[in-house]
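First up is the structure itself, then whatever we jot down about it.
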Amino acid sequence: MKKLTILSGAGISAESGIQTFRDGDGLWENHNVTDVASPEGWRKDRALVLEFYNQRRRQLHEVKPNDAHQLIADLEKHFHVEIITQNIDDLHERAGSSKILHIHGELFKSCSCNNKDLIYEQKNDINIGDKAEDGAQLRPFIVWFGEDVPLYQTAREIVKDTDILLVIGTSLQVYPAAGLIHEIKDDCLLIVINPNETGFGYGQRAVVMKETATKGMKLLYDKLLNLV
């Protein structure tokens with residue numbers, strides 16, 4: 001089987017009803033992103049950060065995978081598929097995809113604020129006073145702005161060896177994830193699905209589809225099967 005790597009971003013989850021923060025004024029429910037997604041924000045107001053992610057987690061229980069998630073999962077019948085996602089939701093998993101690397105963390109997990117290797121399943125709220133086994137406050141298992149991305153090297157190795165890289169629902173303006181497209185081999189087919197795509201960073205080799213994630217996947221699916 002050919003190797004197909006999916007690099008997914010907020011645009012694919014937005015069609016399931018999950019709000020993005022890069023649209024419009026860059027605010028999440030009137031919060032500056034640095035207030036709720038940075039180590040500085042955590043030090044300043046832990047209660048605000050926890051409640052912000054508690055709301056995201058509650059919402060995630062209410063939404064479902066969309067057609068784009070489902071079509072990507074179905075591609076496993078025809079390709080060796082690996083997903084590198086910037087999204088912190090579990091919609092790829094619920095759609096049936098089996099190999100997903102969450103480079104920015106996972107909303108349904110928590111960790112010690114002193115040791116991110118102490119990780120726990122977290123389907124419900126995190127409250128002030130909820131402790132990890134080392135006695136430290138639990139925090140969302142999220143890679144915040146200004147923090148290292150520990151799985152980036154793993155993502156690089158996946159991308160370097162793929163035959164097809166499909167970028168969907170992301171304009172790749174967040175580094176280091178944006179650098180992954182520069183790791184592909186010379187004969188890798190690069191496909192981009194993004195309704196607002198401007199060509200940023202992709203160069204001339206990309207096949208660009210200015211469509212939403214769901215419409216783009218419906219248009220692309222049969223064409224991908226012709227490459228099997």
With charges set only on the Cβ (+1 for Lys and Arg, -1 for Asp and Glu), what does the dipole of the chain come to about its Cα centre, in debye to the nearest 20?
-> 280 debye
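Where the accessible area of the chain is counted over protein heavy atoms with a 1.4 Å probe, how much of it, in %, is carbon and sulfur? Working shown, then result.
Values: 5220 of 10970 Å².
Whole-percent figure for carbon plus sulfur exposure: 48.
Given charges of +1 on the Cβ of Lys and Arg and -1 on the Cβ of Asp and Glu, with all other atoms neutral, how large is the dipole of region 1-118 about its Cα centre, in debye to the nearest 20? Spell out each step's value before the answer.
On the way: 15 positive and 18 negative charges, 72 e Å.
My answer is approximately 340 debye.
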Using Cα centres only, tell me the gap between region 128-194 and region 42-70 in whole Å.
-> 18 Å
Please give, to one decimal in nm, the separation of the simple spin-label points placed at residue 46 and residue 196, each 7 Å out from Cα toward the Cβ.
-> 3.5 nm
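About the Cα centre of region 114-228, how large is the charge dipole given +1 on each Lys and Arg Cβ and -1 on each Asp and Glu Cβ? Please answer in debye to the nearest 20. Please report the intermediate quantities before stating the final value.
Numbers: 12 positive and 17 negative charges, 99 e Å.
Once rounded to the nearest 20, the dipole reads 480 debye.
Taking N as the number of residues in region 117-183, what is its Cα Rg relative to 2.2 N^0.38 Å? Show your work: numbers first, answer last.
Working: Rg = 16.3 Å, N = 67, 2.2 N^0.38 = 10.9 Å.
Ratio of Rg to 2.2 N^0.38 Å for region 117-183: 1.50.
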Counting only heavy atoms of the protein chains, get the accessible area per residue of region 117-185 (1.4 Å probe) and round it to a whole Å² value.
-> 48 Å²
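If you roll a 1.4 Å probe over the heavy atoms of the protein chains, what accessible area per residue do you get for region 1-115, in Å²? Walk me through the numbers on the way to the answer.
On the way: 4980 Å² over 115 residues.
Accessible surface, normalised per residue, equals 43 Å².
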Which semi-axis lengths, in whole Å and largest first, follow from the square roots of five times the eigenvalues of the Cα gyration tensor of the chain?
-> 31, 18, 17
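At a 1.4 Å probe radius, which order do 186, 130 fall into by accessible area, largest first? Write out the running numbers ahead of the final one.
Details: 186 145, 130 50 Å².
So the residues, ranked largest to smallest area, are 186, 130.
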Would you mind giving the average projected area, over all directions, of the Cα convex hull of region 76-173 in nm² with one decimal?
-> 7.6 nm²
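Taking 27 Å as the cut-off for C-alpha to C-alpha distance, list the pairs among 116/210; 2/218; 123/160; 44/109; 3/210 that go past it. Write out the running numbers ahead of the final one.
On the way: 116/210 38 Å; 2/218 20 Å; 123/160 34 Å; 44/109 22 Å; 3/210 24 Å.
Going by Cα-Cα distance, 116/210; 123/160 fall outside the 27 Å limit.
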Find which of 107, 206, 11 sits farthest along the positive direction of the dipole of the chain, computed with +1 on the beta-carbon of Lys and Arg, -1 on that of Asp and Glu, about the Cα centre.
-> 206
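Evaluated at 4 °C with a viscosity of 1.567 mPa s, what Stokes-Einstein diffusion coefficient in µm²/s does region 38-79 have when Rh comes from the Kirkwood expression over alpha-carbon pairs?
100 µm²/s
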Where does the chain land at 222 nm, in deg cm²/dmol rounded to the nearest 500, when only DSSP H runs of n ≥ 4 count, each adding -39500 (n - 2.57), divided by all residues?
-> -8000 deg cm²/dmol
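Given a Förster distance of 25 Å, report the FRET efficiency between residue 124 and residue 215 from their Cβ-Cβ distance, rounded to the nearest 0.05.
Values: r = 35 Å, r/R0 = 1.39.
The value I calculate is 0.10.
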For residue 131 and residue 153, compute 0.36 nm times the residue count separating them, minus their Cα-Cα distance, and round to one decimal in nm.
-> 4.9 nm
Once the dipole of the chain is set up with Lys and Arg at +1 and Asp and Glu at -1 on Cβ about the Cα centre, which of 118, 48, 184 lies farthest towards its positive end?
-> 184
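The values are calculated or read from the model by the stated rules, or taken from the named source; none is laboratory data. What you see is a predicted model; the values in this text were computed from it and never measured. Positions of Cβ are generated from backbone atoms using ideal geometry, with glycine treated the same way; all protein chains shown enter the neighbour counts. The accessibility values were calculated without ligands, DNA or RNA, using every heavy atom of the protein model including side chains. Shrake-Rupley method; radii C 1.70, N 1.55, O 1.52, S 1.80 Å.
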